[in-house]
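Coordinate-derived values only; no laboratory data. Computed from a predicted structure; not experimentally measured. Ideal geometry is used to build each Cβ from the backbone, glycine not excepted, and the neighbour counts take in all protein chains shown.
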Amino acid sequence: MQIYLVGGAVRDKLLNYPVIEQDWVVVGATPKDLIDKGFKQVGKDFPVFLHPETGDEYALARTERKSGAGYYGFEVFTSKEVSLEDDLIRRDLTINAMALDDNERLFDPYNGKQDLENKILRHISPAFSEDPLRVFRVARFAARYHHLGFTIAPGTKELMIQLSKSGELKALNAERIWKETSRALGEKSPQIYFQTLKDCGGLVDWFPEIDCLWGIPNPEKWHPEIDTGVHTMMVLEQCALLTEDSVTRYAALCHDLGKGETPHEQWPSHRGHEKEGVTVIEKMSSRIKAPMVYVQLAKIVSEFHLHLHRVEDLTPKTIVKVLERTDAFRKPERFEQLLIACEADYRGRTGFEKRDYPQSDIMRKAHLTCQNISTKEIVEAGYTGAQIGKEIHRQRVSLVKHLYRRDS
């Protein structure tokens, strides 16, 4: 029995990048051998075992044969005769097909270290095309290592294009798509994930609402970059600079989806796209099974981002209305996410990247000021039932009016 550290842990160790999890492959063993040593088998389809002390995953060396469509359309074969090279060649990229033994000796049969040094994401063999999920995985790796200068090899990009055209991506399940997407949203350059998918045709089946944004114009006065798809990627890039929170980044990604519904004859104007986007966000999020916390913030950002941009022109009554309708008083953390997403939208335009966004501070001050209201005092003053809510609202408007000395 020989045990090797494999995959991402080896790759990131060589890159001096944080190693998040460790995977191991066992060569020359049977399931019984591992079970006898106290390992616990998980799942029936793949020979994967959990270490009795560390909980790390140990997989028997295996080969695979394509037997159907999608991520799960494979037959798996394991035996003591399956070599380390046999196991590694079934992986997606050369940089993910390296192994270290317990003496830290590197096994690199497919030149992954060289591609790592040259900052190339390259497929190992034509078998890359057997798993359509690899289109999304490569896009995620591109997002992860973009800041280090990594690019996708032309041949690999061509296979991604072919896979996208084949219809195989439709056979993937939503859970796998969301897993790759949510992880990509957490990378340093999440916009590269979606841009890469756009470039290879990988958005069409799962993200048509995003795919259609390229080519939709905005008024040049407000959007020097003009193109809505370009703007969306710029907003996501700016959001990644402002926060590591993937929920906020998803909201930034979705903020202008309503523009995809604007009739062509109305371009470049997009009146009402804020509310129009709410339904589009629900539709796309349902398809990819995005968790509700992502969906709720995205809908709020879509509906209210223009209110935030124009806050200096809003009356105190409207400012309070925005605070109440976004549930800012009960969910202040989400309100802060809204402000960050709106700041990213403001900066996600050519020439606006470094500009200040005073609108956030205006809303924060209004929100903070309104928290000085005492519900207890209102009740003690004799207000009951619905009157309590109306009085709270009246006092909020009064406080904001005093704060900024504006007409109601």
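A compact table of results
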| read-out | value |
| --- | --- |
| Among Leu84, Leu14, Leu163, residue whose mean-square fluctuation peaks in a GNM of the chain (springs only between Cα atoms under 10 Å) | Leu14 |
| GNM flexibility winner over the chain from Ala251, Ala171, Ala142 (Cα, springs under 10 Å) | Ala171 |
| Most mobile listed residue (Glu168, Glu85, Glu391) in the chain, GNM with C-alpha springs under 10 Å | Glu391 |
| Neighbourhood net charge (10 Å Cβ-Cβ; Lys/Arg +1, Asp/Glu -1) for Asn218 | -1 |
| For the chain: Kirkwood Rh in Å [reciprocal of mean 1/r, alpha carbons] | 24.1 Å |
| Shape call, region 221-311: gyration tensor on alpha carbons, a/c limit 1.5 | oblate |
| All lysines inside 28 Å of Lys289 as judged from Cα atoms, apart from same-chain residues fewer than 8 positions distant | Lys44, Lys66, Lys157, Lys165, Lys170, Lys179, Lys188, Lys198, Lys259, Lys275, Lys299, Lys331 |
| Region 140-206 shape via C-alpha gyration tensor axes, a/c threshold 1.5 | oblate |
| Alpha-carbon centroid distance for the pair region 333-395 / region 146-177, whole angstrom | 42 Å |
| Distance between modelled label sites at Tyr17 and Thr384, nm, 7 Å Cα→Cβ extension | 6.5 nm |
| Computed FRET value (nearest 0.05) for Leu241 with His393, which takes r as the C-beta separation and R₀ as 30 Å | 0.25 |
